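Student: What follows is a single structure, and I will ask about it in a moment.
The values are calculated or read from the model by the stated rules, or taken from the named source; none is laboratory data. It should be emphasised that the depicted structure is a prediction, and the values quoted were computed from it without experimental measurement. Positions of Cβ are generated from backbone atoms using ideal geometry, with glycine treated the same way; all protein chains shown enter the neighbour counts. We work out accessible area using only protein heavy atoms, side chains counted, and drop any ligands, DNA or RNA first. Shrake-Rupley method; radii C 1.70, N 1.55, O 1.52, S 1.80 Å.
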2 protein chains.
Amino acid sequence: MADSKTRPALDGDPLAVETLLQDVFGIVVDEAIRKGTSVSEKVCEWKEPEELKQLLDLELQSQGESQERILERCRAVIHYSVKTGHPRFFNQLFSGLDPHALAGRIITESLNTSQYTYEIAPVFVLMEEEVLKKLRALVGWSSGDGVFCPGGSISNMYAMNLARYQRYPDCKQRGLRALPPLALFTSKECHYSISKGAAFLGLGTDSVRMVKADERGKMIPEDLERQISLAEAEGSVPFLVSATSGTTVLGAFDPLDAVADVCQRHGLWLHVDAAWGGSVLLSRTHRHLLDGIQRADSVAWNPHKLLATGLQCSALLLQDTSDLLKRCHGSQASYLFQQDKFYDVALDTGDKVVQCGRRVDCLKLWLMWKAQGGQGLEQRIDQAFALTRYLVEEIKKREGFELVMEEFVNVCFWFVPPSLRGKEKSPDYSERLSRVAPALKERMVKEGSMMIGYQPHGTRANFFRVVVANPTLAQVDLDFLLDELERLGQDL
Amino acid sequence: MADSKTRPALDGDPLAVETLLQDVFGIVVDEAIRKGTSVSEKVCEWKEPEELKQLLDLELQSQGESQERILERCRAVIHYSVKTGHPRFFNQLFSGLDPHALAGRIITESLNTSQYTYEIAPVFVLMEEEVLKKLRALVGWSSGDGVFCPGGSISNMYAMNLARYQRYPDCKQRGLRALPPLALFTSKECHYSISKGAAFLGLGTDSVRMVKADERGKMIPEDLERQISLAEAEGSVPFLVSATSGTTVLGAFDPLDAVADVCQRHGLWLHVDAAWGGSVLLSRTHRHLLDGIQRADSVAWNPHKLLATGLQCSALLLQDTSDLLKRCHGSQASYLFQQDKFYDVALDTGDKVVQCGRRVDCLKLWLMWKAQGGQGLEQRIDQAFALTRYLVEEIKKREGFELVMEEFVNVCFWFVPPSLRGKEKSPDYSERLSRVAPALKERMVKEGSMMIGYQPHGTRANFFRVVVANPTLAQVDLDFLLDELERLGQDL
């Protein structure tokens, strides 16, 4: 054992610590930031899993390694990782690398605190409240509550738990067995976290009633009415509707005002899953897509998606001013939330959540907002919409591209390779078309030239979904995307 | 709107991005790392909330700010934040700043990906599996499953949900109403997340049966037996016991072998909440404290606590090899977990969890382990135990200090100020003693000299809980701690 009278090596050697971190930061700037966002570099460096395992030498040993070796490892980790900040990363609902948000994340990591008490997170307790207030104001609320959650799925679960607690406070102590059978409603285009949440919360996936969506993916309020009546007729008690602002695949926005009317008529909690579409509230031009959101009881909004703050930054916003969050989730642990503190213990927000330690997720958004201003962020949203229009028009112009749908900044389309063009009537067309996207995906990933997601949808064969989210995108990147699909698919 | 043919400013200007990040990193090194871990600097810079709000100027505006102003803001955020890496931060179950772990966190942030698919997280999918394998091996399992969760509370919830699903797979679809009333068991010294979890999962807090603990805070297996019989007699179905390895306040380890015997006899799922104590498994000298843990069905272990990897790094480990995680939580979303991918889709681990996007929590631990080796980490654990012994002996030597309990690296004690010494028999002694810790806490925080947590416990008046976790601690810091309490409390 080390002599406990002296500080252990490196841990306590400030110069060595600084040198290491400077070296690592240099590697991060070179590899992850400079190369990672450069269109002359690959978006990914594909390796088969077995080969990658060998290259990374992952096994953890008894002996420590030299500083030099550690730096090589840092380089390798970055080299073989996908560059989600790259302008040709169109694969998920997040893309891009905002430098101020990254700065906020690095500061967050260096301070390594938990969001539960003012005592150990004074700056972040106040900052979280300010950021949530701003997000609520954009929803249209002058008061309310909220919290950052580890992702939109958990935000959605919070909404479900709050809605059932508000109606049946007994549930917290006595559980669901003390309650009548509950029913909640969402459209078939909703995110899968609604079903996962219903299972996790003990409601069961059967409690989720899927409401029909129209051909553009928007919930049909008349069918919501029908489903509510049906559930009631079957003896269930409807308690929540989860509408979606920005569905995952199609990018559809449910008609919130019409849905809110139904909720009001039946006394149901209206939750809006705006994890993807919430950021549109920043755009005066496009925020009409969320008209009616101010009538919601709760809103889930992930700035880590379209605002590119970095994972995770997921706000659950509430209209409630009755301390519902704390009543529903609180347990008054006396070792953490002492009531005899020397400051106002209302600042200790940790008992609002079901987590104990909770990461600081507000700084990255706050710092980026301070740097860009609301106007700068609005410009990004408007730019994303404009580029989406550009992409759609280009798709329409080109042979071999067929649009499935365009909503928001989701562009869904088929690439029809030369061998399939004009064969729409052949009986195996759909089956053959379905194989195109996976084949192209393999090619683009193995070349590292770009990444686009694809999926089947209802009866539709696999199609690509391009997400226009990266704030550094330009028309040239979208031209590249289409050219590259043509190049990769010419022999299919 | 910006001309969409050119890339927007800063976002697309690599040199400006690098300069900003270099500047911020310089501030981080100066303020958070150099000053933040120096004993000649304060551990915190206390400000009243209203004053701090003014100092930080938190409000978010329409206009963006100059780069210079942003850098000032970064400095202020760090300056007024608590330095949890400081050797005099004894306040929580985490303390210290491991440079390799921080390097891993900075790389993680710069890569900004989600852990759900091999496609977009090839390095981290493989790395997470390797790290989990190593942690399982330390538990004593040569196979199994697992996942990193956003904190120990959610790990504990996972265990509860898996246990009920394993017994009643119907629950996922049909919900708790289809099940008999369930009961789970934990000691009264357990973490509050067990009750929070029971409420969240729809079981209700009443389903948690509190088992007695002995005077050192360890679960009494005989009382567990009694509670199980009682629950059965009341018509409930016992399904899970959550034992604790390292309780939050006292640092107690439940007798796992004896508890496992009871579980075996009754066919109950044994979960071990080793969020705090799990890291002791790395020490050949002290791992006997967790003897029997290999008999558990699930283990929650937070390396972000004693191993100082940084928040959050919270593993849920399972002995199961039947893909229980995926069966219990999966929903087969076709837009993310396509089955026609060109690689083995078993690598897409995202459907094991109830989150969708999930942060990368493995790299910080992996990189630190590579640098320190298992031996280096073991040495830290042994050092923490040795320093704890030192602190306890010093407490015993000094007048005015009275030990409540010493277990693990938790040292619980009263500081009895001069005016209360020898007054143990007076009727208001306990009440007056209770006011000492809060008063001292206020003084230490306002001076910024150190931070220690306190709490009441059962019938015991408020006492301090010192956590000896920071890897850079030396005897001199513990001497300082006791001297400082004497200095701050001399007139109380």
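Student: The stretch A:192-234: which residues show an accessible-area loss of 40 Å² or more, assembly versus chain alone, 1.4 Å probe?
Tutor: In the stretch A:192-234, residues shielded by partner chains: A:Y192, A:K196, A:A199, A:F200, A:G202, A:D206.
Student: Excluding B:V249 itself, what net charge comes from residues whose Cβ is under 9 Å from its Cβ, given Lys and Arg +1 and Asp and Glu -1? Please report the intermediate quantities before stating the final value.
Tutor: Details: positive: B:R465; negative: B:E189.
Counting the neighbours of B:V249, the net charge comes to 0.
Student: Expected output is a single nm value to one decimal: the length gained when fully extending between A:K188 and A:E48, i.e. 0.36 nm times separation in residues minus the C-alpha distance. What is it? Working shown, then result.
Tutor: Details: separation 140, 0.36 × 140 = 50.40 nm, distance 3.54 nm.
Taking 0.36 nm per residue and subtracting the Cα distance, the gain is 46.9 nm.
Student: If you don't mind, there's one more thing I want to ask. Under the rule of -39500 (n - 2.57) per DSSP H run of 4 or more residues, summed and divided by the residues of chain B, what mean residue ellipticity at 222 nm is obtained, to the nearest 500 deg cm²/dmol?
Tutor: Numbers: 15 runs with 193 residues, N = 492.
After summing the helix terms and dividing by residue count, I get -12500 deg cm²/dmol.
Student: Please report the relative contact order for the stretch B:133-282, taking Cα pairs under 8 Å with a sequence separation of at least 6, and give it as a percent rounded to a whole number.
Tutor: On the way: 224 pairs, mean separation 33.5, N = 150.
The normalised contact order for the stretch B:133-282 reaches 22 percent.
Student: Ok, one more. Just which residues of the stretch A:171-189 lose 50 Å² or more accessible area with every protein chain there, against their chain alone, with the probe set to 1.4 Å?
Tutor: A:K172, A:Q173, A:R177
Student: Leaving out ligands, DNA and RNA, what percent of the accessible area of the stretch A:75-169 is carbon and sulfur, probe 1.4 Å? Display every interim value, and only then the final one.
Tutor: Values: 790 of 1670 Å².
Percent of accessible area from carbon and sulfur atoms in the stretch A:75-169: 47.
Student: What number, in percent, do you get for the relative contact order of chain A if the mean sequence gap of Cα pairs under 8 Å and at least 6 apart is divided by its residue count?
Tutor: Values: 858 pairs, mean separation 94.4, N = 492.
Contact order relative to length: 19 percent.
Student: Within the accessible area of the stretch B:220-260, what % is carbon and sulfur when the probe is 1.4 Å and the other protein chains stay in place? Mind showing how you got there, number by number?
Tutor: Details: 660 of 1170 Å².
Percent of accessible area from carbon and sulfur atoms in the stretch B:220-260: 56.
Student: Can you give the percent of C-alpha pairs in chain B whose distance is more than 42 Å? Each step should come with its number before you reach the end.
Tutor: Values: 30371 of 120786 pairs.
Within chain B, distances greater than 42 Å cover 25 percent of Cα pairs.
Student: Given a Förster distance of 56 Å, report the FRET efficiency between A:R435 and B:R432 from their Cβ-Cβ distance, rounded to the nearest 0.05.
Tutor: Numbers: r = 79 Å, r/R0 = 1.41.
Using R0 = 56 Å, I get an efficiency of 0.10.
Student: With charges only on Cβ, +1 for K and R and -1 for D and E, what is the dipole size of the stretch A:383-457 about its Cα centre, in debye, rounded to 20?
Tutor: On the way: 12 positive and 11 negative charges, 43 e Å.
Dipole of the stretch A:383-457, to the nearest 20 debye: 200 debye.
Student: For the pair B and A, how large is the buried accessible area, both sides, in square angstrom to the nearest 100, if the probe is 1.4 Å?
Tutor: On the way: alone 23330 and 23320 Å², together 31540 Å².
So the buried area, both faces added, is about 15100 Å².
Student: How long is the gain from B:Y343 to B:R34 if the chain were fully straight, where each residue apart is worth 0.36 nm and the alpha carbon distance is subtracted?
Tutor: Values: separation 309, 0.36 × 309 = 111.24 nm, distance 4.55 nm.
Extra length available between B:Y343 and B:R34 comes to 106.7 nm.
Student: For A:S434, B:S114, give the ranking by accessible area with the largest first, probe 1.4 Å.
Tutor: Working: A:S434 30, B:S114 0 Å².
Heavy-atom accessible area, descending, gives A:S434, B:S114.
Student: Okay, next question. Ignoring ligands, DNA and RNA, what accessible area per residue does the protein assembly as shown give at 1.4 Å, in Å²? Could the numbers behind the result be given before it?
Tutor: Working: 31540 Å² over 984 residues.
So the protein assembly as shown comes to 32 Å² accessible per residue, rounded to a whole number.
Student: Can you list the lysines whose alpha carbon sits under 22 Å from that of A:K341, skipping same-chain ones fewer than 8 residues off?
Tutor: Excluding near neighbours in sequence, the set is A:K326, A:K352, B:K42, B:K47, B:K53, B:K83, B:K441, B:K446.
Student: For A:E232 and A:K423 in one chain, what is 0.36 nm times their gap in residues minus the Cα-Cα distance, to one decimal in nm? Walk me through the intermediate numbers first.
Tutor: On the way: separation 191, 0.36 × 191 = 68.76 nm, distance 4.82 nm.
The span from A:E232 to A:K423 would gain 63.9 nm if fully extended.
Student: Given a cut-off of under 8 Å on Cα pairs at least six residues apart, what relative contact order in percent is computed for the stretch A:301-457?
Tutor: On the way: 115 pairs, mean separation 18.7, N = 157.
Value for the stretch A:301-457: 12 percent.
Student: Could you pull out the GluC sites (Glu not before Pro) across the stretch B:405-482 that fall in loop regions by DSSP (anything but H, G, I, E, B) with no more than 14 other Cβ atoms inside 10 Å? Intermediate results must be reported in sequence, preceding the final value.
Tutor: Details: sites: B:E406, B:E407, B:E424, B:E431, B:E442, B:E447; in loops: B:E424.
Within the stretch B:405-482, the qualifying GluC sites (Glu not before Pro) (loop, at most 14 other Cβ atoms within 10 Å) are B:E424.
Student: Another question about this same structure. When the Cα centres of the stretch B:168-228 and the stretch B:365-383 are compared, how far apart do they sit, in Å?
Tutor: 35 Å
Student: Let me ask another. If you roll a 1.4 angstrom probe over the protein chains with everything in place, what fraction of the accessible area of the stretch B:431-492 belongs to carbon and sulfur, to the nearest %?
Tutor: Values: 960 of 2020 Å².
Ligands and nucleic acids excluded, carbon and sulfur reach 48 percent.
Student: Additional query: Kindly provide the pair-distance distribution of the protein assembly as shown built from C-alpha pairs, with 20 Å bins from 0 and whole-percent values in order of increasing distance.
Tutor: 14, 47, 34, 5, 0
Student: What are the DSSP H helices in chain B that stretch 27 Å or more along their long axis, judged by alpha-carbon atoms, and whose average Kyte-Doolittle hydropathy comes to at least -1.0? Don't skip to the answer; put the middle values down first.
Tutor: On the way: long enough: B:363-397 (43 Å, -0.33).
Long hydrophobic helices here: B:363-397.
Student: Relative to a virtual label point 7 Å from the Cα of A:Y335 in the Cα→beta-carbon direction, which members of the stretch B:425-460 show backbone nitrogen distances below 18 Å?
Tutor: B:437-438, B:451-460
Student: Compare each residue of the stretch B:350-393 in its chain alone against the assembly with all protein chains, and report those whose accessible area goes down by 30 Å² or more; 1.4 Å probe, heavy atoms.
Tutor: Listed in order, they are B:V354, B:Q355, B:C356, B:R359, B:W366, B:L367, B:W369, B:K370, B:A371, B:Q375, B:Q379, B:Q383.
Student: What do you get for trypsin sites (Lys or Arg not before Pro) in the stretch B:228-301 restricted to DSSP loop and a cutoff of at most 12 other Cβ within 10 Å of the site's Cβ? Present the calculation step by step, with values, prior to reporting the outcome.
Tutor: Values: sites: B:R265, B:R284, B:R287, B:R295; in loops: B:R284.
Passing both the DSSP loop test and the Cβ count: B:R284.
Student: Kindly provide the trypsin sites (Lys or Arg not before Pro) of the stretch A:397-492 that DSSP labels as loop, not H, G, I, E or B, and whose Cβ sees at most 16 other Cβ atoms within 10 Å.
Tutor: Details: sites: A:K397, A:R398, A:R421, A:K423, A:K425, A:R432, A:R435, A:K441, A:R443, A:K446, A:R460, A:R465, A:R487; in loops: A:R398, A:R421, A:K423, A:K425, A:R435.
Of the trypsin sites (Lys or Arg not before Pro), the ones in loops of the stretch A:397-492 whose Cβ has at most 16 other Cβ atoms within 10 Å are A:R398, A:R421, A:K423, A:K425, A:R435.
Student: Would you give the gap between the C-alpha center of the stretch B:434-492 and the C-alpha center of the stretch A:262-330, rounded to a whole Å?
Tutor: 42 Å
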